[in-house]
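In what follows, a structure is listed as structure tokens, so that the remarks can point back to it.
The values are calculated or read from the model by the stated rules, or taken from the named source; none is laboratory data. Everything numeric here is computed off the predicted structure, so don't read it as measured data. So basically every Cβ, Gly included, is an ideal-geometry build from the backbone, and we count neighbours across all protein chains shown.
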């Protein structure tokens with residue numbers, strides 16, 4: 001009795017709340033800290049991430065510059081016609097894959113809505129109690145950013161098909177000169193362009209979440225973006241075989 005009386009009421013009440021907070025986890029429950037509270041080499045975190053936006057802009061510019069360089073390379077008219085014809089068929093393929101991804105998203109989105117709306121554990125910000133199911137707004141944010149993730153993956157895939165149709169026709173024409181370096185350099189530049197575009201787009205979206213989205217909603221944004229990116233990548237690159245399509249372009253031209 002004496003020991004119980006010696007414990008302050010606020011200390012006794014904080015125990016279950018602390019356990020509940022520790023028990024609730026997952027990316028959707030993530031709350032970002034104040035980025036301005038930490039400094040690196042005299043620069044606060046918010047400013048440092050703003051500099052990252054400039055780096056993303058440089059990456060996007062680099063990808064577009066390489067794209068323009070590849071487009072302006074010399075190519076035989078017949079090879080250009082073949083590459084453009086293949087690109088038209090690739091556009092049909094990409095449109096079909098886009099419709100397939102949207103249909104698939106409806107089923108995935110339904111599962112996501114049920115899980116995060118009714119099953120996932122979250123902490124009630126008012127009472128501090130553990131509840132099942134996120135607020136409807138956070139569930140809607142997860143679904144919205146899953147669409148943004150799909151759009152990012154789909155856009156980079158479209159850019160990759162366009163760059164590779166340029167690169168393969170230019171590589172085929174360069175091979176007629178009998179010099180090995182252009183045959184090596186042109187596909188390498190195409191890969192660099194696609195890679196920089198992919199990294200820059202994904203990093204740009206993540207930085208925008210970190211910088212411009214309220215800290216309490218960053219977790220749902222990240223988990224939704226990850227779901228959409230994974231869905232788009234799986235459908236386009238694995239189920240759709242987008243790399244096989246690119247290889248077919250090169251073999252047809254050669």
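Here are some notes:
- Candidates 53, 49, 30 - the one that is at pLDDT below 85 and either touching a helix residue (DSSP H, G or I) at 6+ places or on another chain (Cβ under 7 Å) or closer than 29 Å to residue 155 by Cα (or both): 30
- Test for residue 35: is it within 27 Å of residue 196 (Cβ to Cβ) and at pLDDT 80 or above: no
Per-residue answers, yes or no, for (1) in contact with a strand residue (DSSP E or B) (Cβ under 9 Å, 6 or more places away or on another chain); (2) surrounded by fewer than 21 Cβ atoms within 10 Å (Cβ to Cβ); (3) at pLDDT below 90; (4) not in a helix (DSSP H, G or I):
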residue: 198; (1), (2), (3), (4): no, yes, yes, no
residue: 204; (1), (2), (3), (4): no, yes, no, no
residue: 208; (1), (2), (3), (4): no, yes, no, no
residue: 216; (1), (2), (3), (4): no, yes, yes, no
residue: 219; (1), (2), (3), (4): no, no, yes, no
residue: 225; (1), (2), (3), (4): no, no, no, no
residue: 230; (1), (2), (3), (4): no, yes, yes, no
residue: 234; (1), (2), (3), (4): no, yes, yes, no
residue: 238; (1), (2), (3), (4): no, yes, yes, no
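- Only listed residue being out of contact with any strand residue (DSSP E or B) (no Cβ under 6 Å at 6 or more places or on another chain), in a helix (DSSP H, G or I), modelled with pLDDT under 85 and closer than 22 Å to residue 60 by Cβ, chosen from 166, 243: 166
- The set of residues in region 106-132 that are in contact with a helix residue (DSSP H, G or I) (Cβ under 8 Å, 6 or more places away or on another chain) and in a helix (DSSP H, G or I) comprises 108, 109, 112, 113, 116, 117.
- Exclusive hit being within 21 Å of residue 84 (Cβ to Cβ) and crowded, with 18+ Cβ neighbours inside 10 Å, set 163, 112, 139: 163
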